[in-house]
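The structure appears below as structure tokens.
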Amino acid sequence: MGGGVNQAPFSPHQTPPSSSRAVPEITARQRLEPFAQGNLDGLCGLYDAINALRLALADDKPLSQARCKALFAEGIDYLHRKRGLDKAIMEGMVIQRRLALTRRLAKLVSTSNCQITVDRPSTPPSSIHDVLAWTEDSLTGGMPVLVTLTGGLEHHTVIAGATAKALQLFDSSGLRFIRKSSCGLRDGYYQIPPNSLFRIAVHRSG
């Protein structure tokens, strides 16, 4: 999973469907641009971790580009020490390695009065409805969701908003949204492994 993204059955620059009802959204996505693969290097599993941390911290403790580059270097070093760098570059990261990497970066940006955690669903989702409900609940709480897409696409990305019909992305390859109707656990153009879901939570004290 990385630089190449298969052609989706819609234009990534197409305006996603709208709805009159209030929708959950990480509003920082409207003023930030996600780092794209190639700006720093070409690992979507590392980029989505950094992009999700940027979204989660944008309102109170924004990460500078210099800090993000430092986190990227830390991520590369982590993968190298775990003897997973070559495989990550060529094939992408397995879910457990990606989770461990994200938690490592979250620890690096945490402070004594601002702890960043990487949380998973307490119960693994058993349907796409469960996935979407957990995702929207996370977004409503200000927590960006990291997800792996398989099936017609092999990619790691960040979900930053939702409408009645679409999930809005903060994505390193330029994808803007995916349609909910195209998502499934084991079928659909976008398949979402239930164990690939996790979110960035910010816990402040003082």
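For Val131, tell me the accessible area in Å² from a 1.4 Å probe, rounded to the nearest 10.
0 Å²
Any idea how far apart Glu91 and Lys69 come out in nm if each label point goes 7 Å out from Cα toward Cβ?
3.2 nm
Cα to Cα, under 26 Å, and not fewer than 8 places away if on the same chain: which lysines meet these conditions relative to Lys61?
Candidates past the 8-residue exclusion: Lys69, Lys107.
How much net charge surrounds Asp119 when only the other residues with a Cβ under 11 Å from the Cβ of Asp119 are counted, with Lys and Arg +1 and Asp and Glu -1?
Taking every other residue near Asp119 into account, the sum is +3.
Mean separation of Cα pairs under 8 Å and 6+ residues apart, divided by the residue count of the chain: what relative contact order is that in percent?
Normalised by residue count, the contact order of the chain is 31 percent.
Between beta-carbons, use under 11 Å as the cut-off and find the net charge around Val145, counting Lys and Arg +1, Asp and Glu -1.
Summing Lys and Arg as +1 and Asp and Glu as -1 gives -2.
Which of the aspartates and glutamates could a cross-linker span from Lys82 if the Cα-Cα distance has to be under 16 Å and same-chain partners fewer than 8 positions apart are dropped?
Those aspartates and glutamates meeting the cut-off are Glu74, Glu91.
The values are calculated or read from the model by the stated rules, or taken from the named source; none is laboratory data. These numbers were taken from a predicted model, which means no experiment stands behind them. Glycine also receives a Cβ, built like all others from the backbone with ideal geometry; neighbour counts cover every protein chain displayed. Ligands, DNA and RNA are stripped out before the accessible areas are found, and what is left, the full protein with its side chains, is counted by its heavy atoms. Shrake-Rupley method; radii C 1.70, N 1.55, O 1.52, S 1.80 Å.
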